[in-house]
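Presented below is the structure to which this report refers.
The values are calculated or read from the model by the stated rules, or taken from the named source; none is laboratory data. Everything quoted here is computed from the prediction, not taken from an experiment. Note that we place each Cβ from the backbone using ideal geometry, even for glycine, and neighbour counts take in every protein chain shown. When the accessible area is computed, the model is the full protein with side chains, heavy atoms only, and any ligands, DNA or RNA have been set aside. Shrake-Rupley method; radii C 1.70, N 1.55, O 1.52, S 1.80 Å.
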Amino acid sequence: MRIVTFASGSTGNCGLISDGEANILIDAGISMRRTVSALKELGLSPQDLCGVLITHEHSDHISGLSMILKHYNISVYAPRELCEVLAAMKPELKSRLIAIPVNEAFGLGGIEVKAFRTPHDSKFSVGYRFEGSSVAAFATDTGSITDELVCGIEGARLALIEANHDLEMLLSGPYPYFLKRRILSENGHLSNEDCAKLALHLAKSGAWDIIVGHLSRENNTPQLAFDTVNAGLTGENVELHVAPMDKMLAVSVGDSVQCSI
């Protein structure tokens, strides 16, 4: 089982979960051209996708969705409440949306997929758990660590979680006060320090590889995120990776390779 990030950050998010012949796109927050190029680099095309899963309706997660669906016959999967939000925002998507349950598994391309709620300041936000040849989880845009979030990701061998900001950089940085409050709220974004706590729980529940992603360009650096989370994993036998904002990172359970698109 493999997670590939095509882009991860405030300017765009798009990734892929693969297991055997099953390939599922997670979010579509970059251009169709970049998405198709990234798939091609993996030896895939949009026609090879089982579908697209959407985590929430913010533009950095759906900005490329309409163009992809205009050119390719792909279905979009999301919880009913999120489908309603997407249909209201982009009526052209309505016929391609398929509602899925929350906290209840459904099959997609041979992978068992389960959506779980994540605390974020969107109208409806979820992460996803995948069970196939192994277990993987995908949960960014999480303002706090909730029981539902922990339940959704624990036991995963491979997981992508959020390390959005370094607290000192955010507090001393140029963002206006209201934006800092939003990021720091329980429905905002996870700090490096809180990410370290979540990563430790993952490691203790059996994770072999952890990817930290959705880093802020202004309030974090890859090295800071890695160092902070890695310090919290002292003594744990787990591989830690940082998802680039605009390059590809591919991580299989117990293995990884990084390259540019």
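For the range 85-101, take each phi angle, set θ = phi - 60°, evaluate the Karplus expression 6.51 cos²θ - 1.76 cosθ + 1.60, and give the result in whole Hz per residue in order, putting x for glycine and proline.
Karplus values, whole Hz, x for Gly and Pro: 5, 5, 5, 6, 6, 9, x, 5, 8, 3, 6, 9, 8, 10, 6, 10, x.
Ignoring ligands, DNA and RNA, how do 58, 71 rank by accessible area with a 1.4 Å probe, largest first? Write out the running numbers ahead of the final one.
On the way: 58 45, 71 110 Å².
Putting 58, 71 in descending order of accessible area: 71, 58.
Which lysines, on any chain, are close to residue 180 with Cα under 28 Å apart, when same-chain ones fewer than 8 places away are left out?
Cross-link targets: 123, 197, 247.
Might you work out the accessible area of residue 147 for me, using a 1.4 Å probe with all protein chains in place, and round it to the nearest 10 Å²?
We get 130 Å² for residue 147.
Based on Cβ point charges of +1 for Lys and Arg and -1 for Asp and Glu, what charge dipole magnitude is obtained for the chain about its Cα centre, in debye rounded to the nearest 20?
Magnitude of the dipole: close to 740 debye.
What FRET efficiency would be calculated for the residue pair residue 168, residue 123, taking the C-beta separation as r and a Förster radius of 45 Å, to the nearest 0.05?
0.90
Mean separation of Cα pairs under 8 Å and 6+ residues apart, divided by the residue count of the chain: what relative contact order is that in percent?
Dividing the mean separation by the residue count of the chain yields 19 percent.
Return the percentage of antiparallel bridges among DSSP beta bridges fully within the range 1-81, rounded to the nearest 5 %.
65 percent
What ³J(HN,Hα) values, in whole Hz, does the Karplus curve 6.51 cos²θ - 1.76 cosθ + 1.60 give for the range 165-180 when θ = phi - 60°, with x put for Gly and Pro?
Couplings: 9, 8, 4, 5, 4, 5, 5, 9, x, x, 4, x, 4, 5, 6, 4 Hz.
Taking amide H positions as placed in the peptide plane 1.01 Å from N, state which residues far from residue 98 in sequence (5 or more) or on other chains have amide H under 5 Å from it.
76, 77, 78
Roughly how much of residue 151 is accessible, in Å² to the nearest 10, using a 1.4 Å probe?
Around 90 Å² of this residue is reachable by solvent.
Starting from the Cα of residue 182, step 7 Å along the direction of its Cβ; do the same at residue 144; then give the gap between the two resulting points in nm.
Between residue 182 and residue 144, the label points sit 1.9 nm apart.
Residue 37 to residue 98: extension gain in nm, 0.36 nm per residue of separation minus the Cα-Cα distance? Mind showing how you got there, number by number?
Numbers: separation 61, 0.36 × 61 = 21.96 nm, distance 2.58 nm.
Here the answer is 19.4 nm.
What order do you get for 128-141, 30-43, 153-166 when each peptide is scored by the mean count of other beta carbon atoms within 10 Å, highest first?
Ranking, from highest mean packing down: 153-166, 128-141, 30-43.
Grab the DSSP H runs of the chain that are 4 residues or longer, score each as -39,500 (n - 2.57), total them, divide by all residues and round the 222 nm result to the nearest 500 deg cm²/dmol.
-8000 deg cm²/dmol
Nearest-5 percent of antiparallel DSSP beta bridges in the range 73-134? Mind dumping the intermediate values first?
On the way: 9 of 14 bridges.
Of all bridge pairs located within the range 73-134, approximately 65 percent are antiparallel.
Select from 17, 111, 98 the residue whose mean-square fluctuation is largest in a Gaussian network model of the chain (Cα-Cα springs shorter than 10 Å).
In this elastic network of the chain, the residue with the biggest mean-square fluctuation among 17, 111, 98 is 98.
Could you name the aspartates and glutamates in cross-link range of residue 114, using Cα to Cα under 16 Å and dropping any fewer than eight places away on the same chain?
19, 27, 81, 104, 131, 147, 148, 154
State the antiparallel share, in %, of DSSP beta bridges confined to the chain, rounding to the nearest 5.
Bridges in the chain are about 55 percent antiparallel.
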